[in-house]
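Worksheet: the structure to be examined is printed underneath.
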Amino acid sequence: VSTITSKDEQHHACEVFRVVSGRWRENCYIVVSRPSRHGVIIDPGSSVEEIGQILHAHGVKTLAILLTHAHYDHVEGVAALREKTQARVYLHQEDLPLLRNVNTYALAWKLPPLRAFVPDALLAQDETLNFADLEVVVLHLPGHSPGSVAYAIGQMLFVGDTILPHAVGRVDLIGGNAKALDTSVKKIVPWLSDQTTLFPGHGDPCDVPSIVAANEKVRSAFLEARAGEQIPTDHWAWSLRAG
Ligand SMILES: [Zn+2]
Ligand SMILES: [Zn+2]
């Protein structure tokens, strides 16, 4: 488990815990409001016990389980955690077919079957969700899967497998779409500022300068948007410094 500390005020209002699990080292994040102790769990993987210990140790009142998409490793712990916390489960409706077939894919990957669950709420568009004092903006980002989304909480961006530290998500799995993914990467660029921290589905959380330096797809989308002057001024300041 690692606690992540970040730099802006909205970050300071939240605590983020990361639990890595499984063959693909999937990241589950637990985001907790410091003042209210209300929290959301993003993509619970297989380490349900560890997640439960964090919730208990830090007095977290879990209000929602937010799924960035329905791939096996991101939903492994959902059924057990929902039972434990009574939290509502959110998934974009376009990933429902993936979820329904998750055990067919599990078989193909020689993974144990998952306990089935049905989401409590289906996301259909970009929208804002409020969980007590936590405001979560949903961005639909198809490409890695049809119903992939990012969740923005303050300056924290939980991007699932749409953007990884050194690449974008794979598109060769069922429902993957390279063209849609390109569009989604462009859609995310205006959300990237000096204060943003990206929390990917795999690999370490990172800031915008390091992801632009390390990730060719994000860099070219970033530069293209800058050329079109669609980026707010703090991005300009950053790109000047980065040279
Ligand atoms: Zn995935
Ligand atoms: Zn993944």
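Residues in region 103-163 average 41 Å² of solvent-accessible surface per residue, probe 1.4 Å, ligands and nucleic acids excluded.
Other residues with beta-carbon under 12 Å from the beta-carbon of GLU15 carry, at +1 per Lys or Arg and -1 per Asp or Glu, a net charge of +3. Normalising the average separation of contacting C-alpha pairs (under 8 angstrom, six or more residues apart) by the number of residues puts the relative contact order of region 126-168 at 26 percent.
Altogether, the Stokes-Einstein calculation at 10 °C and 1.306 mPa s, with the Kirkwood radius of the chain over Cα pairs as Rh, returns a diffusion coefficient of 88 µm²/s.
Between ALA108 and ASN177, what is 0.36 nm times their sequence separation minus the Cα-Cα distance? Round to one decimal in nm. Result for the pair: 22.8 nm of gain on full extension. Put simply, when 209-221, 124-136, 54-66 are sorted by average Cβ atoms within 10 angstrom per residue, most first, you get 54-66, 209-221, 124-136.
All Cα-Cα distances of region 82-131, cut into 10 Å bins from zero to the largest, leave 21, 44, 30, 6 percent in each bin in turn. Atom-type composition of the exposed protein surface of region 115-237 places 54 percent of the accessible area on carbon and sulfur (1.4 angstrom probe).
Computed with a 1.4 Å probe over protein heavy atoms only, the accessible area of TRP191 comes to about 100 Å².
Here the gap between HIS58 and ALA121, fully extended at 0.36 nm per residue and compared with their Cα-Cα distance, gives a gain of 20.0 nm. Report the Cα centroid-to-centroid distance between region 96-163 and region 166-185 in angstrom, as an integer. Cα centroid of region 96-163 versus Cα centroid of region 166-185: 15 Å apart.
Note: relative contact order over the chain, using C-alpha pairs below 8 Å and six or more positions apart, is 14 percent.
Placing +1 on the Cβ of every Lys and Arg and -1 on the Cβ of every Asp and Glu, with nothing else charged, gives the chain a dipole about its Cα centre of roughly 400 debye.
The values are calculated or read from the model by the stated rules, or taken from the named source; none is laboratory data. Just so it is clear, the structure is predicted and the values come from calculations on it, not from any experiment. Neighbour counts are summed over all protein chains in view; Cβ atoms, including those assigned to glycine, are modelled from backbone coordinates with ideal geometry. Note: accessible area is taken over every heavy atom of the protein model, side chains too, but ligands, DNA and RNA are not part of it. Shrake-Rupley method; radii C 1.70, N 1.55, O 1.52, S 1.80 Å.
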